[in-house]
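One structure below.
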Amino acid sequence: PMAREQALKIIRDSGAALDFAHQHQILHCDFKPGNILVAGEDEIRVIDFGAGFDQSSLSATEENSCADSRQATPAYASPERLAGASPDVRDDVFSLACVAYELLSGEHPFGRCSAREARDQGQRPRRIRGLSRREWRALHHGLAWNRSDRPRSVADLLVGLGLVATPQPAHPRHRFERHP
């Protein structure tokens, strides 16, 4: 596992970046450790929104094309994304929860299995030592198999983890750049 203070900063700042994107109707759709850049002691950037999309301007036909699960990395994608369901904020919540679990424990919550494989095998993430009951409950809900059981936003997950004080999103200090 990473040093707890550093892990929490990465979770908080990358969560704030995802929340900022969600407030602007942009879903990431492929959030994973490889899409987090640590660019100095105080600079965290979330990159590669190439699989993401603007949910405010999509027609039904376009939305279905964005639901292509081949764009999602199986070890971090929600069961719904892997099944080809239309993307949802709670899919990014699931992905962030997977990354948070890995940063805090040093292990992937499902041994690098996809969520669908882990669910079908009856896998459950082990509780991480050092997390309070409230923090573990928030992280565990973020890893729920069903969207309806997950926090409704990244901000809610961050509040549950004790990383922000209120459900009001923390805006990242850094500018988003959408790369082609």
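The values are calculated or read from the model by the stated rules, or taken from the named source; none is laboratory data. Everything quoted here is computed from the prediction, not taken from an experiment. Methodologically, a virtual Cβ is constructed for each residue, glycine included, from the backbone with ideal geometry; neighbour enumeration extends over all protein chains shown. The area values use the complete protein model at the heavy-atom level, side chains included, leaving out ligands, DNA and RNA. Shrake-Rupley method; radii C 1.70, N 1.55, O 1.52, S 1.80 Å.
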Do we find a residue being open to solvent by 20 Å² or more (accessible area, probe 1.4 Å), outside any helix (DSSP H, G or I) and touching a strand residue (DSSP E or B) at 6+ places or on another chain (Cβ under 9 Å) anywhere in the stretch 85-94?
yes
Picked from the stretch 16-36 (must be without any contact (Cβ under 8 Å) to a residue 40 or more places away in the chain and either farther than 13 Å from Phe49 by Cα or assigned to a loop (DSSP other than H, G, I, E, B) (or both)), the residue most open to solvent (accessible area, probe 1.4 Å) is His24
Hey, does the stretch 37-50 have a residue that's modelled with pLDDT under 80 and open to solvent by less than 70 Å² (accessible area, probe 1.4 Å)?
yes
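Condition check ((1) assigned to a loop (DSSP other than H, G, I, E, B); (2) open to solvent by less than 20 Å² (accessible area, probe 1.4 Å)) across all residues:
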position: Ala118; (1), (2): no, yes
position: Gln123; (1), (2): yes, no
position: Trp136; (1), (2): no, no
position: Arg152; (1), (2): yes, no
position: Leu158; (1), (2): no, yes
position: Gly162; (1), (2): yes, no
Taking first residues from the stretch 60-84 that are among the aromatic types (Phe, Trp, Tyr) and second residues anywhere that are at pLDDT 95 or above, the pairs with Cβ under 6 Å that are 6 or more apart or on different chains are Tyr76/Lys32; Tyr76/Ser95; Tyr76/Cys98
Do we have Glu117 as among the acidic types (Asp, Glu) and over 20 Å from Arg12 (Cα atoms) here?
yes
